[in-house]
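In what follows, a single structure is set out as structure tokens and then discussed.
The values are calculated or read from the model by the stated rules, or taken from the named source; none is laboratory data. Remember, it's a predicted structure, so these values are computed and weren't measured experimentally. As a convention, Cβ positions derive from the backbone with ideal geometry for all residues, glycine included, and neighbour counts pool all protein chains shown.
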Amino acid sequence: MYNNMKKFPFKGKKVIIFDLDGTIVRLSADWNSLKNMIEENYVEIYGERGEFNRISAYLNDIVDKKDEMNLKKFFNIIKRYELENIKETQPIEETLFFIKNKEKFGVEKGTKLAILSLNTRTTILESLKLVSLMEQIDYIIGREDVRKWKPNPEGLFKIQDHYKIKKEEMIFFGDLQNDIQTGERAGIDTFFIDDLINLVKIYKKNRNI
Ligand SMILES: [Mg+2]
């Protein structure tokens, strides 16, 4: 065991949660043009500019308007856009290695893996298929599954609810400050995936893998 392994409190964890994009895979969508597309549709539907800085902020506004019908329309726009480039999806090899060898890193046997992502469910499933992780991932919360998005902790609480576990039994990895904030707001142990990637690199280097 390496000293820096102690950095991740895997002991007693029943569920490890991962973000998707930038954490398990790299999607190749251009998020800025998707945001512009969302803005165009927003103007068309509501007759005013949204001028929000994030896709989630548009969706928050639509949730506030209680416009579930158009919210679904926006989910579809996002899904279609994400799927256009799905074939370009690249695996993040270290994360994949960790997932497939997690017991070697101190993860207890029987620990479940879940995903909390801002991507739509189809994108998540297609990505997992592309990197052959369908069997390893037990539960998914995607864009359509919550009405408050990261950094709001609703998604993490939904996962907690699904497994009926304590916060202390969960650990979350993501690539953005937004993920870290989500975990902090939920009161769940949260780390940057880069820290885990470094750990895997050391592990592989020491074994010439
Ligand atoms: Mg991400």
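Observations on the structure shown:
- Residue in the stretch 19-30 that is part of a loop (DSSP other than H, G, I, E, B) and either over 30 Å from Ile202 (Cα atoms) or away from the ligand (no atom under 16 Å from the Cβ) (or both) present: yes
- Counting only residues that are surrounded by 17 or more Cβ atoms within 10 Å (Cβ to Cβ) and of a type in the set (A, V, I, L, M, F, W, C), the stretch 56-68 holds 2 of them.
- Filtered by the rule that a residue be away from the ligand (no atom under 16 Å from the Cβ) and surrounded by 14 or more Cβ atoms within 10 Å (Cβ to Cβ), the stretch 87-97 gives a lone residue, Phe97.
- On inspection, Arg143 passes the criterion of being charged (D, E, K, R), under 13 Å from the mean Cα position of the chain (by Cα) and not assigned by TED's automatic domain parsing to the domain that holds Asp67.
- When Lys14, Lys79, Lys7 are checked against the criterion of being closer than 30 Å to Lys167 by Cα and surrounded by 16 or more Cβ atoms within 10 Å (Cβ to Cβ), a single residue qualifies: Lys14.
- Taken over the stretch 176-209, the criterion of being outside any helix (DSSP H, G or I) and of a type in the set (Val, Ile, Thr) is satisfied by Ile188, Thr190, Ile209.
- Counting only helices (runs of 4 or more DSSP H) that fall entirely inside the stretch 60-153 and contain at least 1 residues that are under 26 Å from Ile202 (Cα atoms), the qualifying elements are 93-100, 121-130.
- Taken over the stretch 2-60, the criterion of being at positive phi and touching a residue at least 40 places away in the same chain (Cβ under 8 Å) is satisfied by Gly12, Gly22.
- Filter result for Asp138 (within 16 Å of the ligand (Cβ to nearest atom) and in the same structural domain as Val15 (by TED's automatic domain parsing)): no
- Options Leu113, Leu71: the member that is surrounded by 13 or more Cβ atoms within 10 Å (Cβ to Cβ) and in contact with a strand residue (DSSP E or B) (Cβ under 9 Å, 6 or more places away or on another chain): Leu113
- Qualifying positions in the stretch 36-55 - surrounded by fewer than 18 Cβ atoms within 10 Å (Cβ to Cβ) and within 16 Å of the ligand (Cβ to nearest atom): Arg54
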